Each structure stands twice: as C-alpha cells, then as structure tokens.
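The values are calculated or read from the model by the stated rules, or taken from the named source; none is laboratory data. Note that the structure is a prediction, hence the values are computed from the model and not measured. Here Cβ is always computed from backbone atoms with ideal geometry, including for glycine, and neighbour counts include all displayed protein chains. The protein model used for the area step is the full one, side chains on, heavy atoms only, and it has no ligands, DNA or RNA in it. Shrake-Rupley method; radii C 1.70, N 1.55, O 1.52, S 1.80 Å.
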Amino acid sequence: MNTLTRANLAEAIYTQVGLSRNESSALLESVLHRVSEALAGGEAVKIAAFGTFLVRQKGQRIGRNPKTGVEVPILPRKVLTFRPSQVMKARINGASPPLDDDAA
Amino acid sequence: MTKSELIAALVAENPHLRQPDIELIVATIFDEITAALARGDRVELRGFGAFSAKQRDPRTGRNPRTGAAVPVAAKAVPYFKPGKELRERVNGEASAATGPTAS
C-alpha cells in the first residue's frame, strides 16, 4: 500500500493544469487552508462527488482511564467527521482489490 | 461551504488564473484522493488529515421489513482521520502553528 502526500497531489496539478510546481503546491495549500478555515468556523464543507466534512458537537460523558480504571469526565467537544458521497463509495468498490470468483 | 463556493474564493484570491484552471485544480485534488483510495492507497496530508479505505468483511444482513437474511458482500469504506492541528482548531483550541516547540 502506497501513501500519497502533498507532493503527489501537487505533482498531479502540475501535470494536469500546467502550472509551475511552486504554484501547484501553493494552490493545493490554498484549497486545504480554505477547507480548514470553514471547518474551524464550524461550517460544513460539501464537495460534490467526493463527500461532506461535518463538524459535530458532542456532549459531556463519563470516560474511564483504561489502565487505572479511574473515572474521568470527557468534556463537551466538537469533532470532525467525513461522510463519503455515493459516487466515491462506488468508485472505491468498483475497482477494489479482486474478490474471489468462487461462489460462497 | 460547497465546491462552487470554494472555487469562487480561490478565483478571487488568484486573479492571474482563469476560472476553468481553478476548477480543474480543485477537481484534480479530490479526484486524485478518490483514485488513490480506489487503488487501495492512502493519502496523508499533515496538519489536515489522512484518507484511507477500510475493508469490511462480508456479513449476513437482514431485510428489516421481512426479517429475511440477505448476504452483504465484502466492501471497502472510505475513512477520513482528521489531523491533530485541524482536530484542535475545529474544537476551538488555540492552534500553536508557530507557537512553542514542545512535543
């Protein structure tokens, strides 16, 4: 399994759009920055055919230190979740690793 | 914020670029991430988060209306794990992007 990083995405912009490498990575950074800013402000970010990033408010609950068994309150907090679009789910399963042909 | 609002903001920020180019840039980024997941690769963007596809085993589901058992095939489910910096910012914690170097 390979891991793609910023460099790979910037390279894709460079080859697809024909901007300079520097500008390609600057634009990638702008996109990530804009999305982050919206989410930090509590706003959902919806990218059609990709998915939706949602900020969810979680209430306080009682947790437990698994090592010591001591109860500790988990404070109310905001968490970020991602809901993939149907299009993305389909693409990921369409060309996913080959499944066995044998009937189960 | 939607994809078109994101594009509009980037167009305003980059007057030297044509809107179709900005649209292609945004599409390329999200397309590359999806394509990577479809290949079984993961995408890690430090400070933002990591995308991966989790494999789910086949299981026996049930039609909730009739109660009949239905086989559910194995599948891959896209997953996003927010990075530390973004997680903290969403939760309203002061981001120490250029702050103290404690780790």
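The table below gives the values:
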{"quantity": "Accessible area buried between chains B and A, both sides summed, probe 1.4 Å, in Å² to nearest 100", "calculated": "4600"}
{"quantity": "Per-residue [θ]222 nm for chain A (sum of -39500 (n - 2.57) over DSSP H runs n ≥ 4, rounded to 500)", "calculated": "-12500 deg cm²/dmol"}
{"quantity": "Dipole magnitude of chain B about its Cα centre (Cβ charges: Lys, Arg +1; Asp, Glu -1), debye to nearest 20", "calculated": "780"}
{"quantity": "Of A:N65, A:N93, A:N22, the one that fluctuates the most in a GNM where chain A has Cα springs shorter than 10 Å", "calculated": "A:N65"}
{"quantity": "For A:52-63, mean number of other protein chain Cβ atoms within 10 Å", "calculated": "1"}
{"quantity": "GluC sites (Glu not before Pro) lying in DSSP loop within the stretch A:1-91, provided at most 15 other Cβ fall within 10 Å", "calculated": "A:E43"}
{"quantity": "Gaussian network model of chain A, springs between alpha carbon atoms under 10 Å - residue of A:L28, A:L54, A:L75 with greatest fluctuation", "calculated": "A:L75"}
{"quantity": "Under the Debye formula (equal points on every Cα, no solvent term), log10 I(q)/I(0) of the stretch B:42-94 at q = 0.30, 0.31, 0.32 Å⁻¹", "calculated": "-1.04, -1.06, -1.08"}
{"quantity": "Helix axis angle, B:3-13 relative to chain B longest principal axis, alpha carbon, degrees", "calculated": "10"}
{"quantity": "The protein assembly as shown, dipole about Cα centre (Lys/Arg Cβ +1, Asp/Glu Cβ -1), debye to the nearest 20", "calculated": "1080"}
{"quantity": "Label-point separation in nm, B:A69 to B:S4, each point 7 Å along Cα→Cβ", "calculated": "4.9"}
{"quantity": "Rounded to whole Hz, the Karplus (6.51, -1.76, 1.60) HN-Hα couplings of the stretch A:59-67, x for glycine and proline", "calculated": "x, 6, 8, 8, x, 9, 5, x, 7"}
{"quantity": "Residue among A:V55, A:V70, A:V17 with the largest mean-square fluctuation in a Gaussian network model of chain A, springs linking Cα atoms under 10 Å", "calculated": "A:V70"}
{"quantity": "Which of B:A38, B:N91, B:Q55, positive extreme of dipole for the stretch B:30-93 (C-beta unit charges)", "calculated": "B:Q55"}
{"quantity": "Partner chain coverage, peptide A:10-23 - average Cβ within 10 angstrom", "calculated": "3"}
{"quantity": "Hydrodynamic radius by Kirkwood, which averages 1/r over all alpha carbon pairs of the protein assembly as shown, in angstrom", "calculated": "19.4"}
{"quantity": "Computed [θ] at 222 nm, helices only, for chain B once each DSSP H run of length n ≥ 4 contributes -39500 (n - 2.57)", "calculated": "-12000 deg cm²/dmol"}
{"quantity": "Descending semi-axes in Å of the stretch B:1-40, equivalent ellipsoid built from Cα gyration tensor", "calculated": "23, 11, 6"}
{"quantity": "Charge dipole (debye, nearest 20) of chain A; +1 at Cβ of Lys and Arg, -1 at Cβ of Asp and Glu", "calculated": "660"}
{"quantity": "Dmax and Rg, reported as Rg then Dmax, of chain A (C-alpha, Å)", "calculated": "20.1, 57"}
{"quantity": "For B:L17, distant residues with modelled amide H under 5 Å away", "calculated": "none"}
{"quantity": "For B:G49, residues with placed amide H under 5 Å, excluding near neighbours", "calculated": "B:G83"}
{"quantity": "Mean separation of Cα contacts under 8 Å (6+ apart) over length of the stretch B:10-85, as relative contact order %", "calculated": "25"}
{"quantity": "Mean Kyte hydropathy of -0.5 or more with a Cα span along the axis of at least 18 Å, helices from DSSP in chain A", "calculated": "A:21-40"}
